[in-house]
Amino acid sequence: MPPSADTPSAASAPGFFDARALIEPVHPAELDAYARAHRAANPTSAAQVAGWVFGVIGLLFVVPVIGIFLMGIGYAMARGTGVAVGLVLGVVLAAGLIVGVVALVRRANRLRALTRLRLSRFAGANAMTYIDRIDAPPLPGMIFSSGSSRMSTDVLRGVEPRFVEFGNYQYTTSNGKQSTTHRWGYVAVKLDVPLPNIVLDALGNNTLGSTLAAAFRGDQRLSLEGDFDRYFSLYCPAGYEADALYLFTPDVMARFIDHAAELDVEIVDDWLFLYARRDVSTLDPATWAWLFGAVGALLTKLDQWARWRDDRLRLAAPHPANPAAAGPGISGSPGIPGSPGVPGASTLPFAAPAGMLTPPPGVAAPGRRLRRRSPWLVVGIILGVVFIVTAAPFALGIFGFLFLR
């Protein structure tokens with residue numbers, strides 16, 4: 001196996017998209033060598049052992065039942081001869097079942113190894129690294145804190161020009177009677193500074209609108225200019241509407257509409273997440289071309305986000321800034337005297353205190369997370385409906401007895 005399978009190639013150049021590794025043939029010997037190396041680096045886990053044990057136990061239960069059933073049919077049809085024929089058929093069927101199960105498992109393992117090999121080579125050809133699996137990924141996005149058995153698979157990471165991670169993600173929820181596995185694809189982009197918690201629910205896929213965004217309070221919905229509302233519903237913390245308008249200027253909104261209109265978006269802390277209700281780390285070159293194009297288009301607009309500062313932190317500081325620098329607004333925006341990049345900053349009639357012209361990077365507490373609907377409101381509505389439905393017949397009966405006799 002080439003040493004570049006799991007690490008960036010020294011010859012790979014950032015920004016050059018090379019998808020040949022996803023589709024070109026792989027020699028069986030190379031695949032076998034990669035599978036052996038992967039097994040050596042990832043010993044069989046207790047969960048896998050338990051799965052094999054339960055599978056063998058299942059076969060031990062199923063095979064005798066099939067044999068007894070066939071011998072019973074044979075006895076009913078031809079007595080002793082029928083029992084012998086049924087026994088032979090049972091043995092043949094059991095052998096075929098066992099061979100078939102083993103063949104299917106080997107084929108699934110081989111296809112999985114082929115996927116890993118191709119993705120690792122694709123990562124190396126595009127200045128990224130490949131990670132087969134990450135349990136409970138420590139990311140702050142809203143899908144990464146739900147349910148149990150949280151796991152990212154087929155993760156590709158790049159670090160230039162900034163940290164970007166592509167991966168498939170799943171978690172399990174249970175209502176006490178049955179469990180449901182939820183599957184997502186995601187792209188995580190590290191930002192330069194923490195930003196307010198903002199969610200863009202893409203109307204083109206209607207995923208967050210029916211699952212996660214419905215949990216946010218309706219008074220946090222912000223309508224933006226132009227056609228943006230036709231593609232996204234934007235949620236931002238109360239009091240941060242002006243900040244959202246600063247971050248989502250018309251040119252930034254145009255980039256999201258053109259390149260990410262089918263992806264749900266979340267900004268939380270110093271991360272930008274793109275979510276899809278399907279795998280994004282695949283062997284499909286078209287999917288990767290789309291994702292690379294979307295991320296590349298957005299990266300060109302993230303530099304202006306790095307200039308954002310939360311003035312609430314400055315106003316809450318124990319030593320407030322001088323009057324000329326303490327006015328409300330956003331750091332680096334027009335109209336704030338002395339802010340970086342504004343003409344006339346070097347002609348101030350006084351020497352401004354160091355570090356006082358802009359707030360520190362960060363977000364004040366009210367802007368760090370969107371406020372969710374109270375679950376007690378939903379419970380109250382349900383109890384009210386149940387009470388009305390059950391009590392209405394009695395109330396109508398009493399009313400009729402007293403007034404309509």
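The values are calculated or read from the model by the stated rules, or taken from the named source; none is laboratory data. From a predicted model like this one, the values you see are computed outputs, not experimental measurements. Methodologically, a virtual Cβ is constructed for each residue, glycine included, from the backbone with ideal geometry; neighbour enumeration extends over all protein chains shown. The accessibility values were calculated without ligands, DNA or RNA, using every heavy atom of the protein model including side chains. Shrake-Rupley method; radii C 1.70, N 1.55, O 1.52, S 1.80 Å.
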SASA check, H259, accessible area w/ 1.4 Å probe, all protein chains in place, rounded to nearest 10 Å², comes out at 70
A student applying the Cα gyration tensor rule (rounded when a/c is under 1.5; otherwise prolate if a/b is larger than b/c, oblate if not) would label the range 138-185 prolate
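What FRET efficiency would be calculated for the residue pair V159, A95, taking the C-beta separation as r and a Förster radius of 41 Å, to the nearest 0.05?
Here the calculated transfer efficiency is 0.20.
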Simple spin-label estimate for A40/D192, 7 Å along Cα→Cβ, in nm, reads 4.5
Accessible-area order for T282, T181, T81, largest to smallest, probe 1.4 angstrom, reads T81, T181, T282
For the pair D258 and M151, the simple spin-label estimate (label points 7 Å beyond Cα toward Cβ) gives in nm 4.0
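Applying 1/(1 + (r/R0)^6) with R0 = 56 Å to the Cβ-Cβ distance of V49 and A76, what FRET efficiency is obtained, to the nearest 0.05?
0.85
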Under 5 Å from the placed amide H of D154, counting only residues 5+ away or on other chains, we find R133
Over the range 216-272, with neighbouring protein chains present, the accessible area per residue in Å² at probe 1.4 Å is 39
In nm, the gap between the two label points placed 7 Å beyond Cα toward Cβ at H27 and A242 is 6.6
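With r as the distance between the Cβ atoms of A103 and R20 and R0 = 35 Å, compute the FRET efficiency 1/(1 + (r/R0)^6) and round to 0.05. Don't jump to the answer; show the numbers that get you there.
Working: r = 31 Å, r/R0 = 0.87.
According to the calculation, E is roughly 0.70.
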